[in-house]
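Below: the structure, in structure tokens.
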Amino acid sequence: MKNILMGLCALATATSCQMHRAADSQITLSSVEKNIAISDAKLTAADFGLSSDIDWSVSKKTLHGGMQEGVELVTINNGEIEIDIIPTRGMNVMSVRSKDITLGWDSPVKEIVHPRNVNLNYNGGLGWLDSFNEWMVRCGLEYSGHPGDDNGRLMTLHGRIAHIPASELKVEVDKLPPHRISVTGIVNEVWFKGANFTLETTISTLPGSNTFRFDDVVTNNSSQDKEFQVLYHANFAKELLEKGSRMEGTIAEVQPFNDYAAKSLDSYETYDAPASVWADEKVYQITPFADKNGFAHFMLHNQKADKAVSFSFNTDALPYLTQWKNEDSRENGYVTGLEPGNTFPANRAHERKMGRLPKIKAGESINYHLVYSLHSGKSSVEKAQSKIIQLNKGHKVKFIKTPENK
Amino acid sequence: MKNILMGLCALATATSCQMHRAADSQITLSSVEKNIAISDAKLTAADFGLSSDIDWSVSKKTLHGGMQEGVELVTINNGEIEIDIIPTRGMNVMSVRSKDITLGWDSPVKEIVHPRNVNLNYNGGLGWLDSFNEWMVRCGLEYSGHPGDDNGRLMTLHGRIAHIPASELKVEVDKLPPHRISVTGIVNEVWFKGANFTLETTISTLPGSNTFRFDDVVTNNSSQDKEFQVLYHANFAKELLEKGSRMEGTIAEVQPFNDYAAKSLDSYETYDAPASVWADEKVYQITPFADKNGFAHFMLHNQKADKAVSFSFNTDALPYLTQWKNEDSRENGYVTGLEPGNTFPANRAHERKMGRLPKIKAGESINYHLVYSLHSGKSSVEKAQSKIIQLNKGHKVKFIKTPENK
Amino acid sequence: MKNILMGLCALATATSCQMHRAADSQITLSSVEKNIAISDAKLTAADFGLSSDIDWSVSKKTLHGGMQEGVELVTINNGEIEIDIIPTRGMNVMSVRSKDITLGWDSPVKEIVHPRNVNLNYNGGLGWLDSFNEWMVRCGLEYSGHPGDDNGRLMTLHGRIAHIPASELKVEVDKLPPHRISVTGIVNEVWFKGANFTLETTISTLPGSNTFRFDDVVTNNSSQDKEFQVLYHANFAKELLEKGSRMEGTIAEVQPFNDYAAKSLDSYETYDAPASVWADEKVYQITPFADKNGFAHFMLHNQKADKAVSFSFNTDALPYLTQWKNEDSRENGYVTGLEPGNTFPANRAHERKMGRLPKIKAGESINYHLVYSLHSGKSSVEKAQSKIIQLNKGHKVKFIKTPENK
């Protein structure tokens, strides 16, 4: 690595030619504050003054060509899974890959689109769809949900945070075993006389683990309390979505989003094969319940139940989960979203009317924790399932059959 | 060239430091797939393992300053003409230059504007005009034509394809004489739940020739049939446009676009001098007829008929030609567009109503062929004219004097 | 410097590896015409063939990370004050700093946002607020003022000129003493069939001086006369704004912008402390009078009157001054704008109706001169004050108490 760094220095300008090392355990990859941007790097245990039996790394590269020219990509390879983080797109995650499971999907949008190529206002506020292809897209923070008017202002689909480049980006490794590997980014959503939010996200994993987590903090820097929305738009397909795939979770209540979804409420947990020509989306508004630690638990597994993802999140900050079943053709993007949020995905005006739109106080910070695990093989999947079954004992899902939206 | 390539490697990052050579006859200049972007290069016959009596080259450079910072420009110099292709702007062509003829014009917009600086929604959907200065701008593909509402959606002027950077860009040279030089680009126009088109364009010429051609393929990657529009907005001025310039072609039918154009229908073929202060545009909807090979033939020559451009295109894919006479002042952009298309340039809603809006089937590909020649000297111009005169024998132009649009 | 230039050449491509020196006294830093972009440089007296007792420099760097990736910044350090000019943002000025006075403010927007990240249409035409944080932002040129409809077109807040990168950028130093240091940029605001303006701005200062000036020329390149607007949105806070700060000037007439401002008309000259939660803005429309040389004179000083900025401008081109009192919380951006302009800041439609909207003739150029001085210490402040008091002798401010806007 030292040689690569020296190579970078030879190429870069005087002000940007060094990675900043606040300590052995922390390396800055890009920073507004320090005016640093490292285009390409590969960091290993040795760069943090550590040795490791597991061959892990954190690398950064710049993408070229088409709509992805200039996009920066950070990959954590913990020896077991690879996590592709996109600092240029609000610290979204393109995909997570183990040997035989991929978190992600095949959108018709193939490139990782630079935000500068996206006009959120386009097409009546649907411009967000021009770059929609990541496994994990955060929606929010000033607003999220469907486009449309709220008090005379056009709410563009799912807000702005996914199209704001991170201002600060660093890699940290715990000095103490098991040497957690963390990538932290800071993303600012701000306009004069309006929103003034900071998202600080840490995406971390342990060497050799099949588990990773998001520890996010959203702060309101304004002197006024503010409405805000957060939605973790996580999208699954690949090996996990097929006819017979099934979503399970600690579910208290389910309500279809609209009349079309209401027709298939009975089968909301299971999935169809992709359509051959076209299929409309079905959306269900799910209210989960939490375990004694305050976490809801969900999973999605394939038909054979030998591949799965499981995940949990803190319901104090994320009291809702939106299930988005898009059983469209493969060409059009066969996918399901399982999306923890602090509201459901209708327009902000509707969420406010329904009493779901929260406020964050002046100066307040709110914490979000999401833990994801990849399960390969029947026994691993069963173990994840049995945990959810155990939690569901004594609970009965309440079905609200009449949708809120027409 | 080898030295230049090595120089580039010394400058570039590890992942982008090599041009990809699939064979001696093909060199990749930029590629999403291979994560390659070569900023500056000059390729000659030797780089393709050939020798040549004609001193031809294909070069690539990056533009700097103002609105063109970061724009990539590829120039084919075949020894006789130079063709400036803009991969960053959907493979548009800025200008084509021989010793004494230029295809192109003097727009008030002087720079080659990077698409990232353009907001198509701006000014009620007229943002496209912020960068309008190329000889050849493709319009489409999801929609083209005048801005306005179509089923609740704002169609921005002339669509998006001109503002999408090419995802793949390569140079090919035929191993066999006469060693055709080709630049091929792939441009993707796609959004989730919407358009999913690919334009693959090959712009090619022979060493020492005054002729070049576009061989374009538009493919619908969706699982659904889709409406689409294609317009080759080719704009002429410079040595070819003046008082007395004349457009000729294999014309079956002419209709003025609006009342203003209707007043000058009699003189639609000839041109006035530029206005001193301002002049409105006149548009004519021309339906050409094809020769036995399926090609329509047109030309534009100066007053003396000693300089001309002639061109032909396949009418199965491009059944219409829009003539745009913008006899405005030189400062405001004196120019005429002669624009083969699959519709006329009214809003998509109007074209649909008139039965002109075509569909492309799921998975279908449609081929577009346009051949342009530069003619210098009376005899060369006469030869091109006589071909059109010959084809027009026995044909009479049908005039529809009432415009469709008000 | 020679070494740094050679270093740059080693890094840059063949076409961009040299700064252009038209003469010893002029160095091009970026240029569309010459296809040059120097990312990093530091120029001193020696680079212009001069020696200097005062250690002055002009440097250029590129900013990295977040919303400011790729923004270019030019700093004039004249030995006494530093001026941060942003060529990427229409030659705006981020801040001016002496030992104990800063022209500038603390906007909630912290980064110098690249125009490519800004959509002026966003949020009903308020997108300009996404990057509002500079000391000096020019507004205009086709239009300025509040967003809203003018003849069917959305006027976005304060126009486009602040979001257009300079096409040409050079540094000049007078060969003759006192060796004025000038940075000149050319910014083009143009669209086909619309605006066609050039702003040529020269920002200059003398070595060791506490004064600097703008000498701007706006030219209409169209063949038609055009309406246009120019507003120098200069924003003050830092050491100059606090409870008891006071604005003084050669004021002929004052009118509140709206009813809210009308309530505090009596105290329009003085400032309150920042609000703790939120405060609305108060705007006053001021018509200044000029001295015998045609210049109006204004100043802003702190409560103690030991720190001040004074400025003057030519009233033939800039007949109005808008006072914008934004006594909001520190978090939300406590600031006042003192903004010479050729109209007031209502929507263009309103300014036209009030007879204030000027035209610039085809081919005409109009000159703008603004001179700013930083005053440290009571005696320096008093001297600036006494000049204004002297000019005000025999003048009485006319108050128009009824606002034009509701």
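The values are calculated or read from the model by the stated rules, or taken from the named source; none is laboratory data. Given the structure is predicted, the values throughout are model-derived calculations rather than measurements. No Cβ is skipped: glycine too gets one built from the backbone with ideal geometry, and neighbour counts run over all protein chains shown. Note: areas computed on protein heavy atoms with side chains; ligands, DNA, RNA excluded. Shrake-Rupley method; radii C 1.70, N 1.55, O 1.52, S 1.80 Å.
Within the set A:95, A:39, A:59, the sole residue that is of a type in the set (Gly, Ala, Ser), surrounded by fewer than 24 Cβ atoms within 10 Å (Cβ to Cβ) and assigned to a loop (DSSP other than H, G, I, E, B) turns out to be A:39.
Taken over the range B:100-125, the criterion of being within 15 Å of residue A:122 (Cα to Cα) and β-branched (Val, Ile, Thr) is satisfied by B:118 alone. For the criterion of being over 23 Å from residue B:118 (Cα atoms), facing another protein chain (nearest Cβ under 10 Å) and in contact (Cβ under 8 Å) with a residue 12 or more places away in the chain, residue C:57 fails. Scanning the range C:271-286 for residues being open to solvent by 50 Å² or more (accessible area, probe 1.4 Å) and away from chain A (no Cβ under 14 Å) gives a total of 1. Cβ separations smaller than 9 Å between residues 6+ apart or across chains give the following pairs from the range A:247-273 residues that are without any contact (Cβ under 8 Å) to a residue 40 or more places away in the chain to residues that are surrounded by fewer than 15 Cβ atoms within 10 Å (Cβ to Cβ) and not in a strand (DSSP E or B): A:260/A:280; A:270/A:243; A:270/A:244. Each residue in the range C:378-406 was checked for being within 27 Å of residue C:258 (Cβ to Cβ) and within 22 Å of the chain's Cα centre (by Cα), and 0 pass.
Results for (1) under 20 Å from the mean Cα position of the chain (by Cα); (2) crowded, with 18+ Cβ neighbours inside 10 Å; (3) within 30 Å of residue B:331 (Cβ to Cβ), shown as yes or no for each residue.
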| residue | (1), (2), (3) |
| --- | --- |
| C:329 | no, yes, no |
| C:335 | yes, yes, no |
| C:360 | no, yes, yes |
| C:376 | no, no, no |
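Given the conditions (1) hydrophobic (A, V, I, L, M, F, W, C); (2) surrounded by fewer than 18 Cβ atoms within 10 Å (Cβ to Cβ); (3) not in a strand (DSSP E or B), and given that residue C:371 satisfies all but one, which numbered condition is not satisfied? The single condition residue C:371 does not satisfy is (3). Can you run down the residue pairs with Cβ atoms below 6 Å, 6 or more apart or on separate chains, where the first is in the range C:110-121 and more than 7 Å from every other protein chain (Cβ to nearest Cβ) and the partner is surrounded by fewer than 22 Cβ atoms within 10 Å (Cβ to Cβ) and part of a loop (DSSP other than H, G, I, E, B)? From residues that are more than 7 Å from every other protein chain (Cβ to nearest Cβ), the pairs are C:114/C:70. Here C:387, C:396 are screened, and the one residue that is at pLDDT 95 or above, over 30 Å from residue C:224 (Cα atoms), open to solvent by 90 Å² or more (accessible area, probe 1.4 Å) and assigned to a loop (DSSP other than H, G, I, E, B) is C:396.
Return the residue satisfying two criteria in turn: it lies in the range B:214-233 and is hydroxyl-bearing (Ser, Thr, Tyr) and in a strand (DSSP E or B), and of such residues it is least open to solvent (accessible area, probe 1.4 Å).
Our first condition is that a residue be hydroxyl-bearing (Ser, Thr, Tyr); within the range B:214-233, this holds for B:219, B:222-223, B:232.
From what's left, in a strand (DSSP E or B): B:219, B:232.
Numbers: B:219: 29, B:232: 2 Å².
Of everything passing the filter in the range B:214-233, B:232 is least open to solvent (accessible area, probe 1.4 Å).
Out of B:197, B:212, B:192, report the one residue that is more than 14 Å from every other protein chain (Cβ to nearest Cβ) and not small (Gly, Ala, Ser).
The match here is B:212.
Reported count of residues in the range B:224-246, each being in contact with a helix residue (DSSP H, G or I) (Cβ under 9 Å, 6 or more places away or on another chain) and within 14 Å of chain A (Cβ to nearest Cβ), is 0.
Yes/no matrix, rows are residues, columns are (1) under 21 Å from the mean Cα position of the chain (by Cα); (2) closer than 23 Å to residue A:103 by Cα; (3) modelled with pLDDT of 95 or more:
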{"residue": "A:253", "(1), (2), (3)": "no, no, yes"}
{"residue": "A:277", "(1), (2), (3)": "no, no, yes"}
{"residue": "A:284", "(1), (2), (3)": "yes, yes, yes"}
{"residue": "A:287", "(1), (2), (3)": "yes, no, yes"}
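Only one of the numbered conditions (1) open to solvent by less than 20 Å² (accessible area, probe 1.4 Å); (2) at the interface with another protein chain (Cβ under 8 Å from one of its Cβ atoms) is violated by residue A:90, and that is (2). The set of residues in the range B:65-74 that are within 19 Å of residue A:66 (Cα to Cα), at the interface with another protein chain (Cβ under 10 Å from one of its Cβ atoms) and either touching a helix residue (DSSP H, G or I) at 6+ places or on another chain (Cβ under 6 Å) or buried (at least 22 other Cβ atoms within 10 Å of the Cβ) (or both) comprises B:67, B:68, B:69, B:72. Within the bounds of the range B:162-183, is there any residue that is open to solvent by less than 10 Å² (accessible area, probe 1.4 Å), at the interface with another protein chain (Cβ under 9 Å from one of its Cβ atoms) and assigned to a strand (DSSP E or B)? Checked the range B:162-183: at least one residue is open to solvent by less than 10 Å² (accessible area, probe 1.4 Å), at the interface with another protein chain (Cβ under 9 Å from one of its Cβ atoms) and assigned to a strand (DSSP E or B).
Residue-by-condition table, conditions (1) of a type outside the set (Asp, Glu); (2) at pLDDT 95 or above; (3) out of contact with any strand residue (DSSP E or B) (no Cβ under 6 Å at 6 or more places or on another chain); (4) assigned to a helix (DSSP H, G or I):
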{"residue": "A:52", "(1), (2), (3), (4)": "yes, no, yes, no"}
{"residue": "A:67", "(1), (2), (3), (4)": "yes, yes, yes, yes"}
{"residue": "A:74", "(1), (2), (3), (4)": "yes, yes, no, no"}
{"residue": "A:88", "(1), (2), (3), (4)": "yes, yes, no, yes"}
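If you go through the range C:93-109 and keep only what is over 23 Å from residue C:154 (Cβ atoms) and either of a type outside the set (D, E, K, R) or within 14 Å of chain B (Cβ to nearest Cβ) (or both), you end up with C:93, C:94, C:95, C:96, C:98, C:101, C:102, C:103, C:104, C:105, C:107, C:108. Considering the range A:234-337, the qualifying strands (runs of 3 or more DSSP E), each wholly inside and each with 3 or more residues that are farther than 20 Å from residue A:134 by Cβ, run over A:246-249, A:251-256, A:282-288, A:295-301, A:307-314.
Determine whether residue A:137 is open to solvent by 20 Å² or more (accessible area, probe 1.4 Å) and out of contact with any Lys or Arg (no Cβ under 6 Å at 6 or more places or on another chain). No; evaluated as a whole, the condition is false for this residue.
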